[in-house]
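Data block below; observations after.
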Amino acid sequence: MTDSQGASLRLADIAAAVGGTVQGDGERRVSSIAPLDRAGAGQLSFLALPKYVPLLADSQAEAVLVSPEFKDAPGRCAHRIVVAKPQEAILALLPLMYRQPVRPFVGVHPTAVVDPSATIDADVCIEAFCVVGAGARIGRGAWIGAQCVIGDGAQLGADVRLHPQVTLYPRVVLGDRTAIHSGSRIGSDGFGYVFRDGAHQKIPHVGGCVIGRDVEIGANCAIDRGSIDDTVIGDGTKIDNLVHIAHNVRIGRLCLLTAQAGIAGSARLGDGVVMAGQSGISGHVTVGDKVTLTARTAVISDIPAGETWGGYPARPHREQMRSFAALAKLPDWMKRVERALRDASPSREDETP
């Protein structure tokens, strides 16, 4: 269930806010947003993709944001706001129509444990049962959710948001406005061992973990610290839930890593890389700027900038698609070969005694 502010907005005001035009009654009001197939009276929906046009026919929405090509699409809802990019318009409207999370207080909860040598800047909220280690610094306006652990010497920039039960190991660095969701662990030791004297000897991890500005990390992610060098996540990168990033990895700016992606040690990713779900990158591999990896791609060698790769092992996407097309024809080709072999084989009557 969504958390609406309860205040309704006129369609004319919405159109002005998103740079659109009203078709129908601009005095109509909406107070919440819902998908086309679930919207009802008093709710606003949107239509941006051709595949959802059939849903407009029976939608009970009070009004619909539509792109220009769908402004006259048939549907029972006569009240529409025509805007170039409906999805972006919805993003602009959400803060106007829904309550945004608000810090419960400014200060340190009495149950939190903060080392005397830690530095806490102004306007910080540290909720119940948090632990802040020696020499740590928390920047202005940060919001630290309940039961978070901030290790010795960790450095948090301004307006950082840690949701409940996030752990930052010692000396982790977070840039301004970075957000980390519940259950994520940042800066733990990487998986590094040397087999010696009949046992796996652990490699000490003395490097750091540096997260840039405006990064968002989903729930239950694990990002290892470096063994000697730092693990680095570039500014503006967004990481989905359940992603693992190993030691010494360096990820560029504005990357997108979706659920269950994994990056092995010392891999390098350029700016703007997109990793779809369950894709993986082997250790010591370099992936160029603006590369896209399709779902379940396994990268075992370097990839040049600007390309789309997929498959296991990874290869250029067009090449992969041609292979899939050829594979689909394989049963027919097998039948043809069997017929050809049968036709070519001599009959018993033709066999020489």
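The values are calculated or read from the model by the stated rules, or taken from the named source; none is laboratory data. Note that the coordinates shown come from a computational prediction; the quantities given were computed from them, not determined experimentally. With ideal geometry, Cβ positions are generated from the backbone for all residues, glycine too; neighbour counts draw on all protein chains shown.
The residues listed here are 89, 78, 73; of these, the one that is touching a residue at least 24 places away in the same chain (Cβ under 8 Å) and under 30 Å from the mean Cα position of the chain (by Cα) is 89. Any chance the stretch 49-60 includes a residue that's among the β-branched types (Val, Ile, Thr), in contact with a strand residue (DSSP E or B) (Cβ under 9 Å, 6 or more places away or on another chain) and assigned to a helix (DSSP H, G or I)? Scanning the stretch 49-60, I find at least one residue that is among the β-branched types (Val, Ile, Thr), in contact with a strand residue (DSSP E or B) (Cβ under 9 Å, 6 or more places away or on another chain) and assigned to a helix (DSSP H, G or I), so the answer is yes.
Considering only the stretch 313-326, I want to know if a residue exists there that is touching a helix residue (DSSP H, G or I) at 6+ places or on another chain (Cβ under 9 Å), charged (D, E, K, R) and in a strand (DSSP E or B). There is at least one residue in the stretch 313-326 that is touching a helix residue (DSSP H, G or I) at 6+ places or on another chain (Cβ under 9 Å), charged (D, E, K, R) and in a strand (DSSP E or B). Whether a residue is closer than 18 Å to residue 280 by Cα, small (Gly, Ala, Ser) and surrounded by 23 or more Cβ atoms within 10 Å (Cβ to Cβ) was assessed, and residue 261 passes this test.
If I go through the stretch 184-208 residue by residue, how many of them are within 30 Å of residue 161 (Cβ to Cβ) and assigned to a strand (DSSP E or B)?
4
Here is the figure for the stretch 276-329: residues that are at pLDDT below 95, in contact with a strand residue (DSSP E or B) (Cβ under 6 Å, 6 or more places away or on another chain) and of a type in the set (A, V, I, L, M, F, W, C) total 1. In the set 78, 122, 128, only one residue is under 30 Å from residue 14 (Cα atoms), assigned to a loop (DSSP other than H, G, I, E, B) and either of a type in the set (A, V, I, L, M) or not assigned by TED's automatic domain parsing to the domain that holds residue 44 (or both); that residue is 78. Residue 132 falls short on exactly one of the conditions (1) at negative phi; (2) of a type outside the set (Gly, Ala, Ser); (3) surrounded by fewer than 19 Cβ atoms within 10 Å (Cβ to Cβ), and that condition is (3). Taking residues in the stretch 229-257 that are outside the structural domain of residue 211 (by TED's automatic domain parsing) and farther than 24 Å from residue 206 by Cβ, and partners anywhere that are assigned to a loop (DSSP other than H, G, I, E, B) and modelled with pLDDT of 95 or more, not one pair has Cβ atoms closer than 9 Å while being at least 6 places apart or on different chains.
For the stretch 14-42, a residue qualifies if it is in a loop (DSSP other than H, G, I, E, B), in contact with a Leu (Cβ under 7 Å, 6 or more places away or on another chain) and of a type in the set (A, V, I, L, M, F, W, C), and exactly one does: 36.
Considering the conditions (1) in the same structural domain as residue 152 (by TED's automatic domain parsing); (2) over 20 Å from residue 166 (Cα atoms), residue 86 is excluded by exactly one of them, (1).
Which one is surrounded by the most Cβ atoms within 10 Å (Cβ to Cβ), of the residues in the stretch 222-232 that are in a strand (DSSP E or B) and aliphatic (A, V, I, L, M)? Explain how you work it out, then say what you get.
Step one: filter the stretch 222-232 for residues in a strand (DSSP E or B), giving 222-224, 231-232.
From the residues that got through so far, the ones that are aliphatic (A, V, I, L, M) too are 222-223, 232.
On the way: 222: 17, 223: 27, 232: 20.
The residue in question is 223.
Here is a yes/no grid of residues against (1) modelled with pLDDT of 95 or more; (2) assigned by TED's automatic domain parsing to the domain that holds residue 203; (3) closer than 28 Å to residue 265 by Cβ; (4) acidic (Asp, Glu):
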site: 111; (1), (2), (3), (4): yes, yes, no, no
site: 115; (1), (2), (3), (4): yes, yes, no, yes
site: 144; (1), (2), (3), (4): yes, yes, no, no
site: 182; (1), (2), (3), (4): yes, yes, yes, no
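Only one of the listed residues (267, 298, 325, 219) is among the hydrophobic types (A, V, I, L, M, F, W, C) and surrounded by 18 or more Cβ atoms within 10 Å (Cβ to Cβ). That residue is 267.
Residues that are out of contact with any strand residue (DSSP E or B) (no Cβ under 7 Å at 6 or more places or on another chain) and farther than 14 Å from residue 130 by Cα within the stretch 155-169 comprise 158, 159, listed in sequence order.
Count of the stretch 167-180 residues, restricted to those that are part of a loop (DSSP other than H, G, I, E, B), surrounded by fewer than 21 Cβ atoms within 10 Å (Cβ to Cβ) and not acidic (Asp, Glu), is 2.
Evaluated against (1) over 14 Å from residue 93 (Cα atoms); (2) at pLDDT 95 or above, residue 1 falls short on exactly one condition, (2).
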